[in-house]
Amino acid sequence: MIIDKLKKHNARDIYLFLGEKVLRQARKFQYNKAIINSVCHEKDITRTMDLSECKLFDDDLRLADLYCRHIFDVLGSGPCLLDKDKFPEAAIQAISHFDIAKILVEIKKLNQDYKTIEWNWDFKNNTYFDNFVKSEKINVDPSQIFDIKIPWELARCQHLPFLARIYRATSNQKYKDEIICVILDFILSNPVGYGINWKCTMDVAIRAANWIMALDILSEELDKNVNHIISKSINEHMIFIRYNLEDYRDYRGNHYLSNIVGLIYCCSYFKPTGLVGKLLDFALKQFALAIDEQFYEDGGNFESSIPYHRLSLELVLYGLYRIFTLSETNKLCREYSKLIYDNMHLIKKIKNSMQFMTDGIKPNGNIYQLGDNDSGHLFRFYHFGKFMPADVYALKYNKKLSINEQVWEENELYCGEILSIIQSIDGMASNNIFNELFCKTFEKIRLHSLPASNSYTVKAAKNDGYDNCYYKQTRTIKFDDINLDKIVPFYYPDFGLVGYKGEHFYLGISITGVGQRGRGGHSHNDKLSFELYADGKDLQQDPGTYVYTESLEWRNKFRSVLAHNSPYFGEEQNEIGKNCFELKQRTECRLLEFTNSTITVSCKYMSTYVIRKFLLYKGGLTITDYSKKMFNKKDDFGYFSNGYGKIIGLRRKYDD
C-alpha cells in the first residue's frame, strides 16, 4: 500500500522515504564480509581472498597512478585531467539529503590534496551537463554534438576494482584511500535523481556493483561515518534501480539484465530482511528469467552482437558468483543456488554461452566485432594495452592531447578477462584474481562437460540452389599452409554464426538476423561478411562501431553494408532506421552447406538473392559469390574502429 501511494509522487520522495525506513533499522547496515570469506570455502571460512600470488603486470602501477591523478581516457576520448577547481557546496546541499560538509571532511581526512572529479562533463566534445536538473527532464537530443556515454562511462567507476586489486597486491594505502574518496566524491557531487548520471538505470546499477566489488576486494572495515554514508548511497542505488527498471515488456535487453545484477549486488550488501529481502527475492527470480530471455538455446545472445554477448555473459557470471558466494550466509541466495543447480536447461544455456564466447574470439585473443561494440564491461580488474608517446597516440587517432607524457592505449578488443573467467570456471587454475573468484565457486558448472564441436553437413533446400544465378565473382586470399586436421568447425544456428577455428587460424561468418526480436538496435548490415585471421595477423576485419549518438552520420556509415566485406548490390541489406538503434529486418540468411573445408551461405532480401561459398585449403581461402543480380563494385571503407570512440583511417600511416 505504501509503495503504491508513493508511486504517485516523484522519484526523489520514494528514495527519501524508503531510504530513511531502511536507515532506521541500523542492523541492516552491516557490511557482508561473507562475499570475500566464502570464496576460499575449502579452507577456513574466515580467511580472506588470497591475492598475494596474483601477477602484477609492469604497467599496472603506472596506470593506477594515472587514475589516482584523475587522468582518464574514456571511450576514445584521449587522456584528460578531470580535476574540478571549485565545488558548489551550497548549491548541491540544496538538493542533496547528505550532509555535504561532513562528506568533504571525510575526504580530507583520507587525502588532504584530493580534488573532486568532473563527473558531468563530456570532455571529448567539451559539453557540460547541468547537475541541478532532474534526471528525467534531461533531453538527450541526437542533433546536438555530444556523447552522453562519456560521463556515463566515467560514473560507472569501473577503475575502482582495478585499484582494489592493486591495493591488495601492494598494500599501498593511497590506492585504498583513492577508492573511498572517489565513492564519497560521487555521492556528494551527484544527488540522487539529479543530473546526467542518474539518467540511465544501467549505469546506476553498474556503478553500485563496482563500488561493492571494490569494497569486497579491499576486505577491510571502513570508518563508521564513511560506512554509513556509502551504505546509505548504496541503499539509494538499490531503490532507484528497482523503481526505474528498463523493462519494456516486449523487449528486455542487456540494460534490464544489468539492472537485475546491480539490484542483486545492492540487496546482498545488506541483511536480507524486510524490504531488502523482498527486493532480493524479486531480483533473484528475475535473474533466471532474464538469462532465459536473452540467450538462445545455442548460447548466443539475442542482441546479434558478439561484443554485447561478452557484456551479457559477464553480467550472468558475476551475478552467479555473487549468489553462489553468499549461499552459505544468505538464506535466499542459498535457496536460489539450489534452484540453479537443479535447472539443467539454464545450466546448459550458460555453458553454451561460454562456449559461444570462446568461438567468438580469435587466436590472438581479440574479439570478432560482429555487430555493435561499445567496449562495455561490468568489471575491469585488468587492463590490456601499452604505453606510447603522446605524439604517436595523437597521430594514430587524430587527437589533440592536453597531456604531453606517455599515454595508455587500451586494447579494447582483447578478451583476456572473459577467457580467464571461463577457464577458472572450468577448473583450469591460473595466476590471477579470477581463479580466486570463480574456480571453487562454480564447481557445479564446468565447461569441459560440453560435447566437442562437430562437423556439420547441411543440404540446400529445394529453392536455395544456384539456378538462375548468372552472375559470379571470386576472390582468393592466400596465407601460409595450415593443418586442416586441426581446424575445428563451429556453428550457432540460433544466433547466426558459423566458421572454423584453430590454434593459429580463424574464420567467422555472419548469418545473423537483426536481433532484439526485430528491433536491430545493435546489428549491422554485415550479412555474409567475415573475419579472417591467419599468419599471425588479421587478413579481413569487421570495421567495428565507432560511435552512437555523437554522430548519426558516422553511426550509419559503420553499420552500412558499404563498411563490410559483404556482397553489394547498390542498396542496404536491412533498412537503417531514423534513430541510431534501429535496423529494420529485411534479410533472411541460411547455412546451405557445412563440411570440414566448405561453408556455403545465402542471403535473401527484397529482390536480391545471393550465395557465398567459402572453400578452405591448406594455403588459402577462396570466396565465390553467385547471384541473380549484377554485383556492384564498392571502394574499401578505409576506416577501422578498434574500440568505441576510436577511429583509425587505414589510408593514413601511423606507428603501431
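The values are calculated or read from the model by the stated rules, or taken from the named source; none is laboratory data. The structure displayed is predicted, hence computed values, not measured ones. Cβ coordinates were reconstructed from backbone atoms using ideal geometry, including for glycine residues, and neighbour counts include every protein chain displayed. Calculation scope for accessible area: heavy atoms of the full protein, side chains included, ligands and nucleic acids excluded. Shrake-Rupley method; radii C 1.70, N 1.55, O 1.52, S 1.80 Å.
Overview of results
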quantity	calculated
Loop-resident sites, segment 167-202, for chymotrypsin sites (Phe, Trp or Tyr not before Pro), counting at most 13 other Cβ within 10 Å (DSSP)	none
Eligible aspartates and glutamates near Lys285 by straight Cα distance, threshold 15 Å, same-chain separation 8 or greater	Asp247, Glu293, Glu335, Asp342
Euclidean distance between Cα centres, segment 105-136 to segment 233-300, Å	28
Pairwise label distance in nanometres, Asn411 with Val488, each label 7 Å out on the Cα-Cβ vector	2.1
Linear extension gain, Thr170 paired with Asn126, 0.36 nm per residue minus alpha-carbon span	12.2 nm
Exposure ranking of Lys349, Lys629, Lys338, Lys604 by accessible area [1.4 Å probe, largest first]	Lys338, Lys604, Lys629, Lys349
Separation in nanometres of the label points that stand 7 Å from Cα toward Cβ, at Met428 and Lys224	5.0
Carbon and sulfur %, accessible surface of the chain computed with the full protein complex present, 1.4 Å	49
Value of D in µm² per second that Stokes-Einstein yields for segment 548-651, Kirkwood Rh from Cα pairs, at 37 °C (0.692 mPa s)	208
Three-way shape call for the chain based on the alpha-carbon gyration tensor, with the a/c threshold at 1.5	prolate
Segment 312-337 and segment 569-620: distance between their alpha carbon centers, rounded to Å	40
Listed residues Gln294, Val316, Ala283: farthest to the positive end of the dipole of segment 269-338 (Cβ charges)	Ala283
Out-of-range pairs (alpha-carbon distance over 30 Å; input Lys149/Lys400; Lys578/Lys629; Lys557/Lys628; Lys486/Lys527)	none
Rel. contact order, % - alpha carbon contacts under 8 angstrom, at least six apart, the chain	13
Length released on extending from Asp292 to Glu89, taking residue separation times 0.36 nm less the Cα-Cα span	68.5 nm
Segment 407-441 and segment 508-550: distance between their alpha carbon centers, rounded to Å	25
Potential extension, Thr358-Leu339 segment - 0.36 nm per residue separation minus Cα distance	4.2 nm
Rounded accessible area of Thr595 (nearest 10 Å², 1.4 Å probe)	40
Anisotropy class of segment 111-207 from Cα gyration tensor, a/c 1.5 cut	prolate
Inter-site label distance for Thr598 and Ile403 at 7 Å from Cα along Cβ, in nm	5.5
For the chain, accessible area per residue (1.4 Å probe, heavy atoms of protein chains only), Å²	40
Cβ charges +1 (Lys, Arg) and -1 (Asp, Glu), total dipole of the chain, debye	1260
Prolate/oblate/rounded label for segment 163-251 (Cα gyration tensor, a/c 1.5)	prolate
